[in-house]
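Structure, as structure tokens:
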Amino acid sequence: MDEIKLAALNKNLDRTIIKIGNVSVGEEFFVIAGPCSVESEKQTVETAIAVKKSGAKMLRGGAFKPRTSPYAFQGLGLKGLKILEKAKKETGLPIVTEVIDSRDVTWICEYADVLQIGARNMQNFSLLKEVGKSKKPVLLKRGMHSTLSEWLNCAEYILSEGNPNVILCERGIRTFETYTRNTLDISMVPAVKELTHLPIIVDPSHGTGRLSLIKPMSFAAIAAGVDGLIVEAHIDPRNAKSDKDQQMTPEIFADYMKDINGLYDAVQKIINKPKN
Ligand code: PEP
Ligand code: MN
């Protein structure tokens with residue numbers, strides 16, 4: 001493994017805690033939820049209200065979408081960011097949104113509370129340096145073909161520019177399996193905790209691509225000690241402009257939240273049980 005310096009777990013250094021809205025990331029469990037893409041004001045604001053009601057602590061939504069095909073919906077850009085701003089005003093939820101171009105970092109910071117670096121851009125080093133200069137919290141997704149060492153070195157790029165606010169996100173890697181969209185590598189949760197002081201969250205929506213697998217894989221992530229989860233939810237998934245098959249309806253999300261919070265509490269009882 002290439003040596004990591006600033007990200008490395010160090011007994012003289014506390015684990016990183018990042019205050020975003022009313023959440024202390026790294027200290028308390030939280031869920032980020034929202035649509036894959038910002039499609040309209042109604043879709044985004046209604047989704048935001050619904051996920052907040054069920055307990056989400058941040059709103060996700062892409063205004064710039066890194067799509068496999070250049071002919072697929074690319075996001076609403078600035079218009080999408082303005083919609084996210086409205087959703088934040090309505091709900092108070094901090095905004096997590098993706099930045100795909102280093103030239104956009106400065107002005108996207110006016111709308112975003114957390115800058116997401118997507119899997120496809122994990123090793124876009126000029127983008128990493130730019131978000132490193134911004135000091136905004138950064139959600140760094142694992143590249144779909146990346147090793148843990150490569151991923152942590154990308155975090156190192158951000159940290160070494162003077163931005164300590166990095167959250168890692170496991171979102172699955174490409175394997176020979178085709179039933180799932182990606183293979184969600186839950187082992188990264190304890191592995192990251194073993195090597196670094198950075199918080200780690202899991203994205204079971206992109207990690208599986210299947211609605212039916214999101215809750216069980218969230219359970220697995222919680223059991224492995226994850227700091228938080230990021231999931232996709234949409235008021236009308238069937239008509240979504242991207243990732244139709246993995247977005248939860250508000251009803252499914254409400255049930256999901258109840259169960260994962262229950263599991264979280266049960267797991268804490270075991271983890272915190274005094275040893276005798
Ligand atoms: C997303 O979260 O919107 C996204 C595109 O995810 P990923 O980069 O993990 O594919
Ligand atoms: Mn998506």
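The values are calculated or read from the model by the stated rules, or taken from the named source; none is laboratory data. Everything numeric here is computed off the predicted structure, so don't read it as measured data. Every residue, glycine among them, receives a Cβ derived from its backbone with ideal geometry; neighbour counts consider all protein chains shown. In case anyone asks, the SASA skips ligands and DNA or RNA and just uses the protein heavy atoms, side chains included. Shrake-Rupley method; radii C 1.70, N 1.55, O 1.52, S 1.80 Å.
Observations on the structure shown:
- For segment 18-271, the per residue solvent-accessible surface stands at 41 Å², with DNA, RNA and ligands left out and a 1.4 Å probe.
- For LYS79 and SER40, the difference between the fully extended length at 0.36 nm per residue and the C-alpha to C-alpha distance is 13.1 nm.
- Distant-in-sequence amide contacts of ARG67, defined by a placed amide H-H separation under 5 Å and a gap of 5 or more residues or a different chain, comprise nothing.
- Shape category assigned to segment 1-151 from the gyration tensor of Cα positions, a/c cut at 1.5: oblate
- Separation in nanometres of the label points that stand 7 Å from Cα toward Cβ, at ARG15 and ARG238: 4.3 nm
- Distance (nanometres) between label positions extended 7 Å along Cα→Cβ at VAL267 and THR68: 2.9 nm
- Centroid-to-centroid separation of segment 103-154 and segment 18-80 [C-alpha atoms, Å]: 16 Å
- The DSSP beta bridges internal to the chain are antiparallel in roughly 15% of cases.
- For segment 132-197, GluC sites (Glu not before Pro) meeting the loop criterion (DSSP other than H, G, I, E, B) and having at most 11 other Cβ atoms within 10 Å: GLU177.
- Whether segment 18-271 is rounded, prolate or oblate, judged on the alpha carbon gyration tensor where a/c under 1.5 counts as rounded: rounded
- Net charge over other residues, Cβ less than 14 angstrom from the Cβ of ARG238 (K, R count +1; D, E count -1): -4
- Cleavage-rule hits (chymotrypsin sites (Phe, Trp or Tyr not before Pro)) in segment 112-198: DSSP loop, at most 11 neighbouring Cβ within 10 angstrom: PHE176, TYR179
- Sparsely packed chymotrypsin sites (Phe, Trp or Tyr not before Pro) within segment 1-80, loop by DSSP, other Cβ within 10 Å at most 13: TYR71
- Only protein heavy atoms count here; on that basis, with a 1.4 Å probe, LEU211 has an accessible area of about 70 Å².
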